[in-house]
1. Sort out for me the Cα centre separation of region 182-254 from region 117-163, rounded to whole Å.
2. Taking every alpha carbon pair in region 260-300, what does the distance histogram look like in 5 angstrom bins from 0, in percent?
3. If you take the C-alpha gyration tensor of region 145-259, multiply each eigenvalue by 5 and take the square root, what semi-axes do you get, largest first, in whole Å?
4. Using all Cα-Cα distances in region 94-200, what percent lands in each 10 angstrom bin from 0 up to the longest?
5. Could you sort 337, 208 by accessible area so the largest value comes first, with the probe set to 1.4 Å?
6. Hey, could you grab the Kirkwood Rh for region 232-377? Inverse mean 1/r over distinct alpha carbon pairs, Å, one decimal.
7. When the accessible area of the chain is split by element with a 1.4 Å probe, what percent falls to carbon and sulfur?
8. Could the peptides 119-129, 168-178 be put in order, highest first, of the mean number of other beta-carbon atoms found within 10 Å of their residues?
Amino acid sequence: MTLTTADPTPDSLPPDGRHHLTTTPDTVRWGELPRADSAPVLKVADGDTVTLDLVSHEGILPDQGRDPVAFFGSYGVPAEQVPRDAQEIAASDLARGPEGMLGPHVVTGPVAVRGARPGDLLAVRTLSLYRRTHYGIVSNRHTRGSLPDELPDPAAEFTGPDTRRAQEGTVSTFCTVERDGDGAEFGVLRCTPTLSARFPLDPFVGIMGVTADGPDTLGSVPPGRYGGNLDIKHLTCGSTLYLPVRTDGAGFYAGDPHFAQGNGEVALTALEAPLRATFQLSVVRGAAARRVTGLLGEPFAETRTHWIALGLDADLDEAMRQCVRSALGFLTARTGMDRATAYAYLSAAADFEVSQVVDQIKGVHCLIRKADFPAGT
């Protein structure tokens, strides 16, 4: 199933997946990722489909008042159009992870996949994404973003009628969703009282991962070899993310839903808003796993048109180098070409994009066109 352009009423409809996992204070972690010893909130079979109702952190964070009805009500959103699960989480006593590791994200899971073992790959195919609201938020906070010494500016006056300063200096911009005569959906950001920017929507889930091995609790902000907060905007409907399994059962989780994002995510957040997401979770083993990624030991993705190699590091230059190495490893394993020839191909034909620069660990991804290679490669 592809992205719907219907009105956002999925919460009242049957879920697409065989299993339906709602987001409640009992099925989430706030600001941290599930650990290897975290009890699964759901167990599924290899190849099963699961629908997750994902909650956005925007509007429920303490710097926005931790009251989504009041926060979105100030923008004219009626209380009945604020998702109830967001209200319940904001009103709960759910803690936001250990001190010093706080992230903003509401992370749903973990989901155990029967038979998944370290050394396997978990293939996460995104089957459908439905908007749960007709609005979302873009925020810049906590001296983060790509210009931490410049924005947010505590003295700035705003031309945007829907750009406002909240507690602790956080600046949030409210965006609405509108549809044109052909049914295409767009985000609308009011720049001045008389000027609005209109941009296409392309929803995706920013956080998809498996539980890491080891005893440490990991914050939800930086991505890693376990996946997590990858923020790769190409992971939309029809894409597959391959995650190296690190613990028995894999321990899949998801969060950080987006309606749209530009590469770089420079302000700190994208257009953040809740989604109903349905995934198929499949285990890939042995020769099949080697064919998919060459057993890179790190996340890898594909869409209908591209293979996507990833590079992650705190230094953007090193993230780029890691991405090139990953792309080389994939091409040599998949096609049999040598590194020098693969290097030449990447330089001539592949596109390297900055996924995000705001999550402590920066991300670069490489888009390799499938059409450049014979069918069956």
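1. 10 Å
2. 5, 16, 15, 12, 14, 16, 17, 6, 0
3. Numbers: eigenvalues 229, 97, 17 Å².
Semi-axes (√(5λ), whole Å): 34, 22, 9.
4. With 10 Å bins starting at 0, P(r) equals 10, 27, 29, 22, 10, 1.
5. 337, 208
6. 16.2 Å
7. Percent of accessible area from carbon and sulfur atoms in the chain: 51.
8. Numbers: 119-129: 21.6, 168-178: 19.4.
Answer by packing, highest mean first, reads 119-129, 168-178.
The values are calculated or read from the model by the stated rules, or taken from the named source; none is laboratory data. Only a predicted model underlies this, so the values are computations on that prediction, with no experimental measurement involved. Cβ coordinates were reconstructed from backbone atoms using ideal geometry, including for glycine residues, and neighbour counts include every protein chain displayed. These area figures cover heavy atoms from the full protein model, side chains too; ligands, DNA and RNA do not enter into them. Shrake-Rupley method; radii C 1.70, N 1.55, O 1.52, S 1.80 Å.
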